[in-house]
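First the structure, in the form of structure tokens, and then the observations on it.
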Amino acid sequence: SQTIHQWPATLVQPVGSPLSLECTVEGTSNPNLYWYRQAAGRGLQLLFYSVGIGQISSEVPQNLSASRPQDRQFILSSKKLLLSDSGFYLCAWRKRGSTDTQYFGPGTRLTVL
Amino acid sequence: AQSVTQPDIHITVSEGASLELRCNYSYGATPYLFWYVQSPGQGLQLLLKYFSGDTLVQGIKGFEAEFKRSQSSFNLRKPSVHWSDAAEYFCAVGAGGGSNYKLTFGKGTLLTVNP
């Protein structure tokens, strides 16, 4: 069966510090991968998605970037965090080429102080 | 572009009462529709999905949803709510072809269950 991991689970960072959040998927190959941010009362905002290694599409211009160095690894980064980057970050995967279910990881709670 | 509206931000029901969470979507063709549930501090778990066929779909935890094309709705129902159902519920529509296929989520409905 497939599983999706995210770490860290929680993170408190000062403004201006760098960020690296990691997501890995097990039990599947060539998945589509997604990063979402969830802010209170605003639902889920799609940040980035990837259909393959090195292929990243950005949905919203912002202070963040994403990379996919390996088939089942997806990384969310920032060089300098802003207060507005605080939120709950969710990684998700879906079988490539399908319109089937998207599965979510447990999330990372990021607080920028 | 597709969109999803969940008109109710917060709903409170008593344990044992029936529940209906509303979802309206906007999309030009037949969409793929999903309901997810999120407990505090957790990821999203799929409750049920509609792709085609029978417009009444059954999901996990006793939930069901009905697709009504004429109303562009996909409302979630449960006949008797349990305290453990307290969570946030998200409706989503999947649309677009090939690599453009994406899920668009509503802003969620927070469900509180009173004992």
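The values are calculated or read from the model by the stated rules, or taken from the named source; none is laboratory data. Quick caveat, the model's predicted, so the values are computed rather than measured. Heads up, the Cβs are rebuilt from the backbone with ideal geometry, glycines too, and the neighbour counts pull from every protein chain shown. To get the accessible areas, we keep the full protein, side chains included, count just its heavy atoms, and leave off ligands, DNA and RNA. Shrake-Rupley method; radii C 1.70, N 1.55, O 1.52, S 1.80 Å.
Of all strands (runs of 3 or more DSSP E) completely enclosed by region B:1-104, which ones contain at least 3 residues that are surrounded by 18 or more Cβ atoms within 10 Å (Cβ to Cβ)?
Where strands (runs of 3 or more DSSP E) fall fully within region B:1-104 and carry at least 3 residues being surrounded by 18 or more Cβ atoms within 10 Å (Cβ to Cβ), they are B:32-38, B:44-50, B:73-78, B:87-95.
If I ask for residues that are free of Cβ contacts under 8 Å to residues at least 24 places away in the same chain and within 14 Å of chain A (Cβ to nearest Cβ), which ones from region B:22-44 would you list?
B:Gly41, B:Gln42, B:Gly43, listed by residue number.
Output the number of residues of region B:49-95 satisfying the condition of being under 24 Å from A:Gln38 (Cα atoms) and touching a His at 6+ places or on another chain (Cβ under 9 Å).
0
Please verify whether region A:95-104 includes one or more residues that are touching a helix residue (DSSP H, G or I) at 6+ places or on another chain (Cβ under 9 Å), modelled with pLDDT of 95 or more and either not in a loop (DSSP other than H, G, I, E, B) or not charged (D, E, K, R) (or both).
no
In a loop (DSSP other than H, G, I, E, B), within 13 Å of chain B (Cβ to nearest Cβ) and either small (Gly, Ala, Ser) or open to solvent by less than 20 Å² (accessible area, probe 1.4 Å) (or both) - does that describe any residue in region A:60-79?
Looking for residues that are in a loop (DSSP other than H, G, I, E, B), within 13 Å of chain B (Cβ to nearest Cβ) and either small (Gly, Ala, Ser) or open to solvent by less than 20 Å² (accessible area, probe 1.4 Å) (or both), one finds none in region A:60-79, hence no.
In region A:80-96, which residues are within 12 Å of another protein chain (Cβ to nearest Cβ) and open to solvent by 80 Å² or more (accessible area, probe 1.4 Å)?
Of everything in region A:80-96, those that are within 12 Å of another protein chain (Cβ to nearest Cβ) and open to solvent by 80 Å² or more (accessible area, probe 1.4 Å) turn out to be A:Lys95, A:Arg96.
Would you check which residues across region B:90-115 are hydroxyl-bearing (Ser, Thr, Tyr), within 11 Å of chain A (Cβ to nearest Cβ) and in contact with a Ser or Thr (Cβ under 9 Å, 6 or more places away or on another chain) and list them?
B:Ser99, B:Tyr101, B:Thr104
Let me confirm something: among A:Thr28, A:Thr99, A:Thr24, A:Thr10, which residue is among the β-branched types (Val, Ile, Thr), open to solvent by 60 Å² or more (accessible area, probe 1.4 Å) and either under 29 Å from B:Trp35 (Cβ atoms) or in contact (Cβ under 8 Å) with a residue 40 or more places away in the chain (or both)?
That would be A:Thr10, the only listed residue that is among the β-branched types (Val, Ile, Thr), open to solvent by 60 Å² or more (accessible area, probe 1.4 Å) and either under 29 Å from B:Trp35 (Cβ atoms) or in contact (Cβ under 8 Å) with a residue 40 or more places away in the chain (or both).
Tell me, yes or no, whether region B:11-21 has at least one residue that is without any contact (Cβ under 8 Å) to a residue 40 or more places away in the chain and charged (D, E, K, R).
Looking only at region B:11-21, we keep the residues that are without any contact (Cβ under 8 Å) to a residue 40 or more places away in the chain, and these are none.
No: region B:11-21 contains no residue that is without any contact (Cβ under 8 Å) to a residue 40 or more places away in the chain and charged (D, E, K, R).
Which members of region A:102-113 meet the condition of being surrounded by fewer than 21 Cβ atoms within 10 Å (Cβ to Cβ) and more than 10 Å from chain B (Cβ to nearest Cβ)?
Listed by number, the residues that qualify are A:Thr111, A:Val112, A:Leu113.
Please determine whether any residue of region A:44-54 is within 14 Å of chain B (Cβ to nearest Cβ) and either among the acidic types (Asp, Glu) or touching a helix residue (DSSP H, G or I) at 6+ places or on another chain (Cβ under 8 Å) (or both).
Yes, region A:44-54 contains at least one residue that is within 14 Å of chain B (Cβ to nearest Cβ) and either among the acidic types (Asp, Glu) or touching a helix residue (DSSP H, G or I) at 6+ places or on another chain (Cβ under 8 Å) (or both).
Going residue by residue through region B:65-75, is there one that turns out to be within 14 Å of another protein chain (Cβ to nearest Cβ) and among the hydroxyl-bearing types (Ser, Thr, Tyr)?
Within region B:65-75, none of the residues are within 14 Å of another protein chain (Cβ to nearest Cβ) and among the hydroxyl-bearing types (Ser, Thr, Tyr).
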